[in-house]
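Novice: Encoded as structure tokens, here's the structure I'll be asking about.
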Amino acid sequence: MKKITTICLGVALMASSVSFTSCIDETFPTDGATSGQVGESSQAVEALVGGLNSYATQQWTTQWMPSFGYPALMIIRNIQSGEMAYGDDVSGCGFINWVADLYLSREYLVNQFLWYYETAYAGAANKAMNSIDVNASDEMKGYYAVALAYRAMLYLDMAREYEWKENDKTQPVSPEGNSIAELTVPIVTEDMTEEEWKNNPRATRQEMSEFILGDLQQAAEWIGFLPNNSKTMPHLDCVYGLMARYYMWIEDYPNAKKYARMAIDASSSAPLTKEQGLNTTSGFNDINQFMWGSQYTTGNVNNLYCWTANMSNEITYGYTGTQLGTYVRIDANMYNRLNNTDWRKLLWKAPAGSALDGDNTYIDDEIGASLPEYASLKFRPGSGSTSDYSTGNVTAFPFMRIEEMYFIEAEAAAHDNAAEGVRLLEEFMKQHRDPAYTCRVSDTEGVVNEIVFQKAIELWGEGQYWFDVKRLGLPVERNYNGTNHTTAYLYNSTTALPAWMNWQISQLEEMNNRAVNGKNNPNCSGLYSPTSQQ
């Protein structure tokens, strides 16, 4: 595995283009408009802001790893949280680097992708904001609110990813011996100067929470002016949904419950039905099923570097599927904990001889028969096309689904009143997922854990469970009797949060931002052995 310092020339990693200090200058898709055209028409502004959605599928580099934008980050979090049992990486080019706990330190390109992509994406939001004159019309305020929502989503993700949390291996001390407690990431705004970028310290948890809240409050005020109804853009329900996530992060549970309910009430979305979820051509790949998502088109897909090529097991191309066999599966413990009366259990291939063996539906029965036990059937290829990537990869993936809001509401309620959490959980589950469901615990911790588990099942593969694991300090266990995780990847954190959930900032940021130098998170790579339980 090559380090950043040995491959800079090979991939043109110039400091001026890869660090957070210059992410405002990052070029990003604009759906046909340039920043110089923005003042000419509302259509140009719409195209510019629409580019923020296109950036979600922007490839960073494909030389040796699948760094295909925001969905790649979702998959990485799926793997790190233990919800996904990642198959044998026979190609050597899949997500092994984020499973193996070997190359997560600041000097490796694996680490740099995590840092560079999100900071550049936030910089793209800043650039869009810089190009919009909010005094020109109310419509411009609506588009500005869209950029604010994207920026808030990204900073909320990064704050949770890079904030050090108590774990089983490290202390809140940088490799140089400085305290990094309560630190998140540097805040870059649309009006900062280059000199400010180069001396920009990591924001404290308090500073970051105030910054994100300010963006969301302004977005909520102006988002109603947005004339575009597309689900590739956030609307008021999505802003409220981000508020709910935000308040969960800072553990203000009454407000999390409040905004989750506001998101539900403001949304036109409804929980997916069994028929929608199990549909072999449109299951979890139709943007109209989501509150907010990103859409692939025929012009931005290839056979390997996109969502479906790495998350659909029924294809005959890509990393998953029959060509390379890097199948994605649900953790066996999670699957076996589900009731057989819960229709979501059919989203994964039932083990031979189990109660649901033979009940799964496949696009192609021959392909279905070849899949390993627990293989995901959740994310179907576009139009059910298993062999033509130009059709099969034209799908959508979610930034947010309405189901998440129901589970946030229930968990937030449970922290203050376990019985209320049970009521909300059972109400959702009986109506939408499992008519026979009963919550069998009543204590606060037990109810919270049950809600989080059901939420993890609901949002499996969507990159959200990771944040609950970190917030609640949950262990991740892959090495257990009956595990379906690949032998080489049996890393455990059986008593506390794993250290790999505290991401380390890329060394390039330290090189270009003197205020970050010496204030990085401790190294989290190489701390675990895959051959024995920790």
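The values are calculated or read from the model by the stated rules, or taken from the named source; none is laboratory data. Just so you know, these numbers come straight off a predicted model, no measurement behind them. Neighbour counts run over all protein chains shown; Cβ positions are idealised from the backbone, glycine included. Surface areas here come from the heavy atoms of the whole protein model, side chains and all, with no ligands, DNA or RNA. Shrake-Rupley method; radii C 1.70, N 1.55, O 1.52, S 1.80 Å.
Novice: Going by the structure shown, is Asn313 under 30 Å from Glu427 (Cβ atoms) and not acidic (Asp, Glu)?
Specialist: No; evaluated as a whole, the condition is false for this residue.
Novice: Continuing with the same structure: As an exercise: evaluate Gly392 against (1) open to solvent by 10 Å² or more (accessible area, probe 1.4 Å); (2) in contact (Cβ under 8 Å) with a residue 24 or more places away in the chain; (3) over 23 Å from Lys345 (Cα atoms); (4) not charged (D, E, K, R) and give the number of the one condition it does not meet.
Specialist: That leaves (1) as the condition not met.
Novice: Same structure again: For Thr204, state whether it is hydroxyl-bearing (Ser, Thr, Tyr) and either open to solvent by less than 10 Å² (accessible area, probe 1.4 Å) or modelled with pLDDT of 95 or more (or both).
Specialist: Yes.
Novice: Tell me, please, whether a residue that is open to solvent by 60 Å² or more (accessible area, probe 1.4 Å), in contact (Cβ under 8 Å) with a residue 60 or more places away in the chain, within 23 Å of the chain's Cα centre (by Cα) and within 30 Å of Asn523 (Cβ to Cβ) can be found in the range 238-258. First the steps, then the outcome.
Specialist: Going residue by residue through the range 238-258, those that are open to solvent by 60 Å² or more (accessible area, probe 1.4 Å) are 251, 254, 257-258.
Imposing the further condition that a residue be in contact (Cβ under 8 Å) with a residue 60 or more places away in the chain reduces the set to 251, 254, 257.
If we keep only those that are within 23 Å of the chain's Cα centre (by Cα) as well, we get 251, 257.
Within this subset, residues satisfying the condition of being within 30 Å of Asn523 (Cβ to Cβ) are 251.
Scanning the range 238-258 turns up at least one residue that is open to solvent by 60 Å² or more (accessible area, probe 1.4 Å), in contact (Cβ under 8 Å) with a residue 60 or more places away in the chain, within 23 Å of the chain's Cα centre (by Cα) and within 30 Å of Asn523 (Cβ to Cβ).
Novice: Checking the conditions here, which among Glu373, Glu366, Glu409, Glu314 is of a type in the set (Asp, Glu), open to solvent by 10 Å² or more (accessible area, probe 1.4 Å) and in a loop (DSSP other than H, G, I, E, B)? Steps first, please.
Specialist: Numbers: Glu366 fails: in a loop (DSSP other than H, G, I, E, B); Glu409 fails: in a loop (DSSP other than H, G, I, E, B); Glu314 fails: open to solvent by 10 Å² or more (accessible area, probe 1.4 Å).
The match here is Glu373.
Novice: What's the total number of residues in the range 114-158 that are of a type in the set (D, E, K, R) and closer than 29 Å to Ser67 by Cβ?
Specialist: So the count comes out to 4.
Novice: Further question on the same structure: Tell me, please, whether a residue that is more than 20 Å from the chain's Cα centre (by Cα) and open to solvent by less than 10 Å² (accessible area, probe 1.4 Å) can be found in the range 165-179.
Specialist: Yes, that holds for at least one residue.
This table checks each residue for (1) in contact with a Phe, Trp or Tyr (Cβ under 7 Å, 6 or more places away or on another chain); (2) under 26 Å from Tyr465 (Cα atoms); (3) without any contact (Cβ under 8 Å) to a residue 24 or more places away in the chain.
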| residue | (1), (2), (3) |
| --- | --- |
| Ile315 | no, yes, no |
| Val328 | yes, yes, no |
| Met334 | no, yes, no |
| Leu338 | no, yes, no |
| Asp359 | no, no, yes |
| Glu366 | no, no, yes |
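Novice: A further question follows. Please pick out the residue among Glu163, Glu118 that is in contact with a helix residue (DSSP H, G or I) (Cβ under 9 Å, 6 or more places away or on another chain) and closer than 30 Å to Leu226 by Cα. Talk me through it step by step, then tell me what you get.
Specialist: Values: Glu163 fails: closer than 30 Å to Leu226 by Cα.
One residue alone meets the criteria, Glu118.
Novice: Any chance the range 215-225 includes a residue that's among the acidic types (Asp, Glu), farther than 18 Å from Glu118 by Cβ and open to solvent by 30 Å² or more (accessible area, probe 1.4 Å)?
Specialist: The answer is yes, given that some residue of the range 215-225 is among the acidic types (Asp, Glu), farther than 18 Å from Glu118 by Cβ and open to solvent by 30 Å² or more (accessible area, probe 1.4 Å).
Novice: Would you be able to tell me the number of residues in the range 347-361 that are in a loop (DSSP other than H, G, I, E, B) and either open to solvent by less than 50 Å² (accessible area, probe 1.4 Å) or within 15 Å of Ala85 (Cβ to Cβ) (or both)? Can you show your working first?
Specialist: From the range 347-361, those in a loop (DSSP other than H, G, I, E, B) are 349-361; that's our starting set.
Those left that are additionally either open to solvent by less than 50 Å² (accessible area, probe 1.4 Å) or within 15 Å of Ala85 (Cβ to Cβ) (or both): 349-351, 354, 356, 360.
Within the range 347-361, residues that are in a loop (DSSP other than H, G, I, E, B) and either open to solvent by less than 50 Å² (accessible area, probe 1.4 Å) or within 15 Å of Ala85 (Cβ to Cβ) (or both) number 6.
Novice: So which of Ser137, Ser131 is farther than 16 Å from Met158 by Cβ and either without any contact (Cβ under 8 Å) to a residue 24 or more places away in the chain or crowded, with 22+ Cβ neighbours inside 10 Å (or both)? Walk me through it before giving the result.
Specialist: Numbers: Ser137 fails: either without any contact (Cβ under 8 Å) to a residue 24 or more places away in the chain or crowded, with 22+ Cβ neighbours inside 10 Å (or both).
The unique qualifying residue is Ser131.
Novice: Given Tyr327, Tyr335, which one is at pLDDT below 95 and touching a strand residue (DSSP E or B) at 6+ places or on another chain (Cβ under 8 Å)?
Specialist: Numbers: Tyr335 fails: at pLDDT below 95.
Just one listed residue meets the conditions, Tyr327.
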